Structure formats: structure tokens, C-alpha cells
1. So Leu77 ticks every box in (1) touching a residue at least 12 places away in the same chain (Cβ under 8 Å); (2) surrounded by fewer than 13 Cβ atoms within 10 Å (Cβ to Cβ); (3) out of contact with any Gly (no Cβ under 6 Å at 6 or more places or on another chain); (4) part of a loop (DSSP other than H, G, I, E, B) but one. Which box is left unticked?
2. Kindly indicate the residue of the stretch 1-25 that is more than 15 Å from Tyr87 (Cβ to Cβ) and part of a helix (DSSP H, G or I) and also modelled with the lowest pLDDT among those meeting that condition.
3. In the stretch 66-113, which residues are among the hydroxyl-bearing types (Ser, Thr, Tyr) and modelled with pLDDT of 70 or more?
4. Being charged (D, E, K, R) and within 24 Å of Lys113 (Cα to Cα), is that true of even one residue in the stretch 17-26?
5. In the stretch 42-68, how many residues are surrounded by 13 or more Cβ atoms within 10 Å (Cβ to Cβ) and outside any loop (DSSP other than H, G, I, E, B)?
Amino acid sequence: MRSSSRFRFSVKQRLRRKAQITPVLARGRSASAGGMQLHSMPNDSGPRLGVIAGRHAWPRAVDRNRFRRLAREVFRLLQHRLQRRDYIVRARNPQRGEPSGAEIGKLLAIWCKTNGE
């Protein structure tokens, strides 16, 4: 079963290079909840996402990858409600253990706070 193209997370929606990420971290607005931080900055091309999950947050690669997957999933489902901004999600001293649905609930709250909902 193919997913609808409306909910895809395309290559154009990803922030991958340092040159794309650094300005958002340096000049963008930020909001935090729990152990996560969201940086955002206006752009002209629509919502785009970058995810930073370092070893200090989760030493196991499995947990870092799960956090990235969950962050991308939340973005994919909310992309039509988001403003034209670049978003960077960063794990900062999260609860120990693997990322869970509760972590994603916090992430959702940050996104809504940033978008003024």
C-alpha cells in the first residue's frame, strides 16, 4: 500500500548540510520542553526538518535512530500545519532509556508552541 504523496517526507524537506543547519541554530528562535529543543527560522521554500541526536543524549545508536525516526514521523504528519520555517530538533539531556511516545508528545507540544497554536 503506497502512502499518499501529501504525507511524504521528501529530500527537499530535509536539512542535512552544516551550511543549512548552522544559521538556524545561530539566528533562529528556540523553544524547549523536557529534554528536547526546537530551533526554527523562516524560509521561502516551506517547512524543512533537521534532527540532531548526539551520543551525550543516548549512548546507544539504536536509541538515537529511534529518536530520529520518531521526529521525522511527527514532522511528516504535521507538515501541512507548519509554517514555512526550517526546524532543527535537538535532543538535550533527555530522560534516560529509549525515546518513547511520551518524548514525541513533548515534541508535538514544542511544535505547537513555536507555531502559536
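1. (4)
2. That would be Ser5.
3. Filtering the stretch 66-113 for residues among the hydroxyl-bearing types (Ser, Thr, Tyr) gives 87, 100.
If the condition is that a residue be among the hydroxyl-bearing types (Ser, Thr, Tyr) and modelled with pLDDT of 70 or more, then Tyr87 is the only one that fits.
4. Within the stretch 17-26, the subset charged (D, E, K, R) is 17-18.
Filter once more, so that each one left must be within 24 Å of Lys113 (Cα to Cα): none.
Looking for residues that are charged (D, E, K, R) and within 24 Å of Lys113 (Cα to Cα), one finds none in the stretch 17-26, hence no.
5. 11
The values are calculated or read from the model by the stated rules, or taken from the named source; none is laboratory data. Given the structure is predicted, the values throughout are model-derived calculations rather than measurements. FYI the Cβ positions are ideal-geometry reconstructions off the backbone, even for glycines, and counts take in every protein chain you see.
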